Amino acid sequence: MILRYPQSKEQTAELLRVVLARMGQHDAAFNPLTYTVWFEYAAGMNAQLNQALDQLVQAHIRLTDADLRDLYQAHIADVDPQAMHRIGTELQQVMATLADAAGSTGSNADQFGVQLGTLAVGLQAINNKLTAPMILQALESTALMRDSAQALESEIKFSQSEIGRLQSELTRVRDESRIDALTQVLNRKGFDEKLASMLARPAPEGRLHGLIMFDIDYFKKVNDTHGHVMGDRVLQALGEVLKSCIPPHSSASVARYGGEEFAMLVPATTPDECHKLAELVRTRTKALKVRDRRTQAVVLTVTISGGMALHQAGEDAHSLTVRADAALYRSKQVGRDHITCV
């Protein structure tokens, strides 16, 4: 994978002070988006961004969240989140090193100050008039060095905290980009990544990776008869059913594949276990009753059809998905409310 940010750790360290200083001069919050804009600006890697930012800065404008968001959308937008995370991690490492160095400098200054104090007592006994001014000046310089080191250490620790917060925010944003907002299960992007990750790990001997595709039967009729708001409630309810069927401590995951179609990824399973899981989803969905929130009267019930496929040696993600989807289609053909295994 080619990362958007090719800077080395040393180059990142050089950019750090510039980025933090720039961010501190404006009103925009310290968040991943703001950091990304200023990082690309400081790195001089985005000519259009630099031109747009320079125009705003030359106008003596203190940039707001909206300004930075507009710049991000116009000139960055497609930034690789993995690259952002890598930069954040390297910044943390650089800041930790600087903090250790500052702490060590402050400690050395304290020790030097103690040594000077001891030396002063001894020299004063020899020639107080000659040595006192020099010792006093050395002690003052040492105190200034200690205070400067402590201030630097404090500033670095604050910056470390901010970078940690930025990384946490970035992780949250990255995770949210993989979740379907309506059903709170993985979206298509999250599904594709999870499927690729599952197939990249060989299953233990005697087990196979499984994929189950589900589709709500006659979902168009639900929308046409009861409206899209009720249709959304059905989708949300099915998402909850799917999640409730995953056994404790299982690494299985659920995704909304698209529209009214859902998927369940079942790593390292057996044909029997995978089929039982698919049947559990089917029966729990059939028992689901969608009620009117005001009267609690049952408004409708739904059924689902499913198709199950187990990964074959040398098979890629696309082929596995096609087979599971074909099995789902066969379930529709035989009358729906059915699970077909291939």
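An oblate overall shape is assigned to region 11-52, the ratio a/c of its alpha-carbon gyration tensor axes (a ≥ b ≥ c) being 1.5 or greater and a/b not exceeding b/c.
Among the listed pairs K276/K332; K189/K221; K221/K289, those whose Cα-Cα separation exceeds 24 Å are K189/K221.
D by Stokes-Einstein for region 211-252, Kirkwood Rh over Cα pairs, 37 °C, 0.692 mPa s: 280 µm²/s. Label positions at R293 and A47, each projected 7 Å from the Cα along the C-beta direction, are separated by 5.4 nm. You can think of it this way: the chain between A66 and Y218 has 50.3 nm of extra reach, that is 0.36 nm per residue less the Cα-Cα gap. Full extension of the chain between V322 and L182 yields a length gain of 47.9 nm, computed as 0.36 nm times the residue separation minus the alpha carbon distance.
With a probe of 1.4 Å, find how much accessible area region 13-76 has per residue, and write the answer as a whole number in Å². Provide the component values of the computation, followed by the final result.
Details: 3250 Å² over 64 residues.
Normalised by residue count, the accessible surface of region 13-76 is 51 Å².
By the gyration tensor of its Cα atoms, with a ≥ b ≥ c the square roots of the eigenvalues, what is the shape of region 200-336: rounded for a/c under 1.5, prolate for a/b over b/c, or oblate? Each step should come with its number before you reach the end.
Details: a/c = 2.49, a/b = 1.87, b/c = 1.33.
Prolate.
Restricting to DSSP loop positions (anything but H, G, I, E, B) with no more than 14 other Cβ atoms inside 10 Å of their own Cβ, which GluC sites (Glu not before Pro) remain in region 167-266? In loop regions of region 167-266 (DSSP not H, G, I, E or B), the sparsely surrounded GluC sites (Glu not before Pro) are E205.
When the solvent-accessible surface of protein heavy atoms is calculated with a 1.4 angstrom probe, in what order do C245, C341 fall, highest first?
C341, C245
Rolling a 1.4 Å probe over the protein heavy atoms of region 190-321, with every protein chain left in place, gives an accessible area that is 53 percent carbon and sulfur.
The values are calculated or read from the model by the stated rules, or taken from the named source; none is laboratory data. Just so it is clear, the model here is predicted, and its values are computed rather than measured. Ideal geometry is used to build each Cβ from the backbone, glycine not excepted, and the neighbour counts take in all protein chains shown. What goes into the accessible areas is simple: the full protein's heavy atoms, side chains included, and nothing from ligands, DNA or RNA. Shrake-Rupley method; radii C 1.70, N 1.55, O 1.52, S 1.80 Å.
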